[in-house]
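Note sheet for the following structure.
The values are calculated or read from the model by the stated rules, or taken from the named source; none is laboratory data. Note that the structure is a prediction, hence the values are computed from the model and not measured. Quick reminder, even Gly has a Cβ in these numbers, built from the backbone with ideal geometry, and neighbours come from all protein chains shown. The protein model used for the area step is the full one, side chains on, heavy atoms only, and it has no ligands, DNA or RNA in it. Shrake-Rupley method; radii C 1.70, N 1.55, O 1.52, S 1.80 Å.
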Amino acid sequence: MDSLRLRPSSLRSAPGAAAARRRDHILPSFCSIQRNGKGRVTLSIQASKGPTINHCKKFLDWKYSNHRISHQSINTSAKAGQSLQPETEAHDPASFWKPISSSLDAFYRFSRPHTIIGTALSIVSVSLLAVESLSDISPLFLTGLLEAVVAALFMNIYIVGLNQLFDIEIDKVNKPTLPLASGEYSPATGVAIVSVFAAMSFGLGWVVGSPPLFWALFISFVLGTAYSVNLPYFRWKRSAVVAALCILAVRAVIVQLAFFLHIQTFVFRRPAVFSKPLIFATAFMTFFSVVIALFKDIPDIEGDRIFGIQSFSVRLGQSKVFWTCVGLLEVAYGVAILMGVTSSSLWSKSLTVVGHAILASILWSSARSIDLTSKAAITSFYMLIWRLFYAEYLLIPLVR
Ligand SMILES: CC(C)=CCC/C(C)=C/CC/C(C)=C/CC/C(C)=C/COP(=O)(O)OP(=O)(O)O
Ligand SMILES: O=C(O)Cc1cc(O)ccc1O
């Protein structure tokens with residue numbers, strides 16, 4: 001038996017209490033809450049349902065990190081199969097909005113928002129490369145763009161959702177706050193969501209009738225499925241090289257070429273011309289996709305090792321992979337700056353050179369100050385990489 005008491009007053013006044021309250025909705029399947037009439041809460045953690053005592057502790061640290069805890073004691077002698085019973089005093093969050101906001105919050109986490117933003121921005125940016133004059137930004141263009149973005153986002157949700165369905169056990173270790181790993185979603189709910197989103201994506205692609213859009217969705221579906229599903233010859237994520245190639249094929253090749261062709265040939269009915277900015281975007285995103293593929297596994301070595309995922313971080317060590325990623329991006333920024341210098345347009349030259357120089361120095365100064373022993377620091381650096389990815393898509397339409 002364990003006890004963990006939280007003073008109700010400190011729950012309300014502690015800094016970050018709003019964020020903490022949001023986290024109060026998150027309850028993995030191995031946790032249950034009982035309340036008595038006096039507002040006292042017992043949080044039980046069933047260690048036999050998968051997590052080790054350490055995972056339970058990590059979960060409690062995360063869940064209550066914004067609370068001032070007046071007393072905390074964890075019985076480290078508890079064995080797997082025993083129930084840990086931290087007692088907490090309640091704050092009363094009962095409100096009309098709680099179930100609505102917790103389902104929105106769970107779906108938000110399920111959709112892996114960093115990938116969603118990346119997909120939306122990349123398609124908008126690449127579509128702008130087909131725009132030749134302001135008069136091209138017409139309702140026809142905006143409708144074609146919106147259809148492409150929505151269909152791709154539906155497919156994005158299918159791909160990341162399917163991955164979570166096949167990674168429930170790994171995510172209990174690596175990412176316990178994802179809704180399938182935490183038990184907020186049952187596997188049946190996960191299957192229903194991914195099926196509906198795949199069907200909506202193909203449905204929209206079919207109705208729009210654009211061959212490049214449909215092929216982009218279909219190839220992403222095939223690669224995203226092969227990456228995750230646990231069937232003979234599949235689950236390509238087991239091999240670090242094949243996993244990286246899947247991400248590269250979609251993020252570097254399909255997004256650039258197919259979505260450009262969708263706007264250029266299907267929406268504008270113009271001949272396909274592969275311009276300098278389009279080739280630049282494809283080359284640059286080849287670097288970025290490899291970096292995302294390598295970097296996303298750096299914080300996850302614990303679970304990947306247990307479940308036999310031979311990521312580069314598991315094989316080579318976190319530090320080597322980290323500096324390889326930083327090096328690859330710095331090379332990409334160097335090439336972009338050289339390309340900017342050779343541009344014939346003065347405004348494009350200045351923006352390309354200055355923009356990439358700023359991004360390269362942000363990356364370098366953050367890399368030099370990171371603590372590679374901290375999972376939180378590595379995860380937040382990974383999010384910096386995604387922000388640099390978004391910034392690149394803001395610069396790409398300016399490269400001429
Ligand atoms: C439809 C279009 C054009 C784009 C979709 C955009 C996406 C999702 C592109 C990625 C393509 C792809 C094949 C991704 C598979 C990658 C994936 C699901 C990675 C998850 O990696 P894990 O390491 O298994 O999971 P965690 O990060 O959750 O641990
Ligand atoms: O989208 C991607 O390019 C790859 C990816 C990265 C990640 O951190 C989670 C899911 C995912 O598909």
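Using R0 = 30 Å, the C-beta based FRET efficiency linking ASN230 and ILE362 works out to 0.20. Could you give me D for the range 104-273, from Stokes-Einstein at 25 °C and 0.890 mPa s, where the hydrodynamic radius is the Kirkwood radius over C-alpha pairs? Units µm² s⁻¹, please. Result for D is 147 µm²/s. Among the chymotrypsin sites (Phe, Trp or Tyr not before Pro) within the range 155-261, those in coil by DSSP and having at most 13 neighbouring Cβ atoms inside 10 Å are TYR233. Among the listed pairs LYS172/LYS320; LYS98/LYS375; LYS237/LYS296; LYS98/LYS296; LYS276/LYS349; LYS175/LYS375, those whose Cα-Cα separation exceeds 20 Å are LYS172/LYS320; LYS98/LYS375; LYS98/LYS296.
How much length is gained on full extension from GLN310 to ILE116, taking 0.36 nm per residue of separation minus their Cα-Cα distance?
Working: separation 194, 0.36 × 194 = 69.84 nm, distance 2.61 nm.
Extra length from GLN310 to ILE116 when fully extended: 67.2 nm.
Value of Rg to Rh for the range 246-373, rounded to two decimals, is 1.07; Kirkwood radius and Rg both from alpha-carbon coordinates.
So with the 1.4 Å probe, I'd like the accessible area per residue for the range 275-376, rounded to whole Å².
On the way: 4730 Å² over 102 residues.
Normalised by residue count, the accessible surface of the range 275-376 is 46 Å².
Send over a whole-number figure in Å² for the accessible area per residue of the range 104-273, probe 1.4 Å. Could you put the intermediate results ahead of the total?
Details: 7050 Å² over 170 residues.
With all protein chains present, the range 104-273 gives 41 Å² per residue.
Each eigenvalue of the Cα gyration tensor of the range 205-251, multiplied by 5 and square-rooted, gives one semi-axis; in descending order these are 24, 12, 5 Å.
What does the charge add up to near GLU392, with Lys and Arg as +1, Asp and Glu as -1, over the other residues with Cβ less than 14 Å from its Cβ? Could you put the intermediate results ahead of the total?
Working: positive: ARG251, ARG387; negative: GLU330.
It works out to a net charge of +1.
Computed from backbone phi, the HN-Hα couplings of the range 346-357 come to 5, 5, 5, 4, 5, 5, 5, 5, 5, x, 5, 5 Hz, rounded to whole numbers (Karplus: 6.51 cos²θ - 1.76 cosθ + 1.60, θ = phi - 60°; Gly and Pro given as x). Rounded to the nearest 20 debye, the dipole size of the range 104-273 about its Cα centre is 340 debye, using +1 on the Cβ of Lys and Arg and -1 on the Cβ of Asp and Glu.
The accessible surface of the range 275-399, taken with every protein chain in place and a 1.4 Å probe, is 71 percent carbon and sulfur. Applying D = kT/(6 pi eta Rh) to the range 154-240, where Rh is the Kirkwood radius over alpha-carbon pairs, T corresponds to 4 °C and eta to 1.567 mPa s, the Stokes-Einstein value obtained is 95 µm²/s.
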